[in-house]
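Accompanying notes for the structure given below.
Computed from the coordinates by the stated procedures, all read-outs in this text should not be read as laboratory data. Note that the coordinates shown come from a computational prediction; the quantities given were computed from them, not determined experimentally. Cβ placement follows ideal geometry from the backbone for every residue including glycine, while neighbour counts extend to all protein chains displayed.
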Amino acid sequence: LQVGSTAVSDGCHPLRGMPARAAECVALNLWACEAAGVNLKAHRVFVDGGQRADRAPVGVGVVPCITPNAYLCCSTEQRRLHGREVLAYQGLRIDDYPAHAEFP
């Protein structure tokens, strides 16, 4: 699948291993951003593939609202965000909290 000048298929990791609905949502929203003039390689575009394509929050340079079922992908990273990255974008550094074994 080609989204404008950005390949989003097996060679580009945002869609690899994603459920088909999430992959379609991410691809459609990245295409819409590029059609609106956003350079996907120069700007971080975050898409929540856990939503329907017409309702998915998209953030250019900012992470959209993070929900429990969020499937956040980043255009510059070309992959789904890891849990620790999502926490960091919320301002929570996992290293600032004690390990599970340290709780009473």
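Couplings for segment 35-51, taken from phi via the Karplus curve 6.51 cos²θ - 1.76 cosθ + 1.60 with θ = phi - 60°, read 5, 7, x, 7, 7, 5, 8, 8, 10, 6, 10, 9, 10, 8, x, x, 10 Hz in order; Gly and Pro are left as x. Annotation for segment 43-93: trypsin sites (Lys or Arg not before Pro) lying in DSSP loop with at most 15 further Cβ atoms inside 10 Å of their Cβ are R44, R52, R55, R93.
Within the shell defined by Cβ-Cβ distances under 15 Å, the residues around E34 carry a net charge of +2, with Lys and Arg each +1 and Asp and Glu each -1. Segment 15-65 and segment 74-94 have their alpha-carbon centroids 15 Å apart. Under 5 Å between amide hydrogens, built in the peptide plane, is the criterion, and for L81 it picks out L72, C73, C74 among residues at least 5 positions away or on other chains.
How are the C-alpha pair distances of segment 38-92 spread across 10 Å bins, as whole percents from the shortest bin up? Per 10 Å bin, starting at 0, the Cα pair percentages come out as 26, 59, 15. Taking 0.36 nm per residue of sequence separation and removing the Cα-Cα distance, the T76/N39 pair yields an extension gain of 12.3 nm.
Between V45 and G61, S75, T76, the built amide H atoms are under 5 Å apart, and every one of these is 5 or more places off in sequence or on another chain. 3J(HN,Hα) couplings calculated from phi for segment 79-89 with the Karplus curve 6.51 cos²θ - 1.76 cosθ + 1.60 (θ = phi - 60°) are, in sequence order, 6, 6, 6, 7, x, 5, 5, 4, 4, 5, 5 Hz; Gly and Pro show x.
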